[in-house]
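A short worksheet on the structure shown next.
The values are calculated or read from the model by the stated rules, or taken from the named source; none is laboratory data. Owing to the predicted nature of the structure, the values given are computational and were not obtained by experimental measurement. Because the Cβ atoms are built from the backbone with ideal geometry, glycine has one as well, and the counts that use them run over all protein chains shown.
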Amino acid sequence: MSSTSRRKMLAAQEDIANQIVELAKRKDMTVYQTVNDILEQAMRVEGIGLSLKQVVDERWMLERAKEIGFTFTIEQLLIQIVDGAFVENKEKFTVILREIGHWYGKYFDAKHDEPLQAFRDAMELFCLGDMEYSLEQGNRELSLTLIGEKLTPGYTELFSVMTEELLTVLGYKLKDKELRKGMLKLEMKR
């Protein structure tokens, strides 16, 4: 924001204003910065056609699902189904997952100014349960690591096929791949 921008006064209930002052202190920000941050996020939410209440309620449901282990159950079901498919017919499901990766790569590339960021966002959603990932981007290189103690060899291999194809569509080529029970590491380069 430029130093010549104009300010407007906003009114708030005293208890809410006091909470904002406390929040600003905890975040080591000014009240002005805190209020602007809150308003900016509220306007972002409204800009995508949602209400702040919807976003908070949906996030609360997601956090609640994580607390009671619901995401863990879904994650385990997905891993076991994919692993079973892999054991049943490795070649068939390798082709299917490669096609899915190709489609997602094209989708992210066509629909997003920063397709790699869209992929990163998808990984955030994907890893809600017990899995963790890191996606590091350097000068013309990319490293993706997926770790989860429940990851089976079949699931890990099929996920790597899908992800490798997605990243290939985004302009990367496989440099190195490491697959183990519970871990996937892809090293890609442009």
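Structure above, values below:
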| read-out | value |
| --- | --- |
| Filtered residues of the stretch 40-55 (kept if of a type in the set (A, V, I, L, M) and surrounded by 11 or more Cβ atoms within 10 Å (Cβ to Cβ)) | Ala42, Val45, Leu50, Leu52, Val55 |
| Tally, over the stretch 80-133, of residues that are buried (at least 17 other Cβ atoms within 10 Å of the Cβ) and among the aromatic types (Phe, Trp, Tyr) | 5 |
| Qualifying residue in the stretch 90-103 (condition: at pLDDT below 90 and not assigned by TED's automatic domain parsing to the domain that holds Arg59) | no |
| Hits in the stretch 95-130 (condition: out of contact with any strand residue (DSSP E or B) (no Cβ under 8 Å at 6 or more places or on another chain), touching a residue at least 40 places away in the same chain (Cβ under 8 Å) and of a type in the set (A, V, I, L, M)) | Leu97, Ile100, Leu128 |
| Residues satisfying the stated conditions in the stretch 114-155, i.e. outside any loop (DSSP other than H, G, I, E, B), hydrophobic (A, V, I, L, M, F, W, C) and within 22 Å of Arg180 (Cβ to Cβ) | Met123, Phe126, Leu135, Leu142, Leu144, Leu146, Ile147 |
| Subset of the stretch 157-190 [part of a strand (DSSP E or B) and of a type in the set (A, V, I, L, M)] | Leu174, Leu179, Met183, Leu184, Leu186, Met188 |
| Positions within the stretch 153-187 being over 14 Å from Lys106 (Cβ atoms), crowded, with 16+ Cβ neighbours inside 10 Å, touching a residue at least 60 places away in the same chain (Cβ under 8 Å) and in contact with a strand residue (DSSP E or B) (Cβ under 8 Å, 6 or more places away or on another chain), in sequence order | Glu157, Phe159, Thr163, Glu164 |
| Failed criterion for Gly49 (all others in (1) within 22 Å of Ala11 (Cβ to Cβ); (2) small (Gly, Ala, Ser); (3) in a loop (DSSP other than H, G, I, E, B) hold) | (1) |
| Test result for Leu116, under 23 Å from Lys173 (Cα atoms), out of contact with any Phe, Trp or Tyr (no Cβ under 7 Å at 6 or more places or on another chain) and of a type outside the set (Lys, Arg) | yes |
| Members of the stretch 8-39 found to be within 31 Å of the chain's Cα centre (by Cα) and loosely packed, with under 10 Cβ neighbours inside 10 Å, listed by number | Arg26, Asp28 |
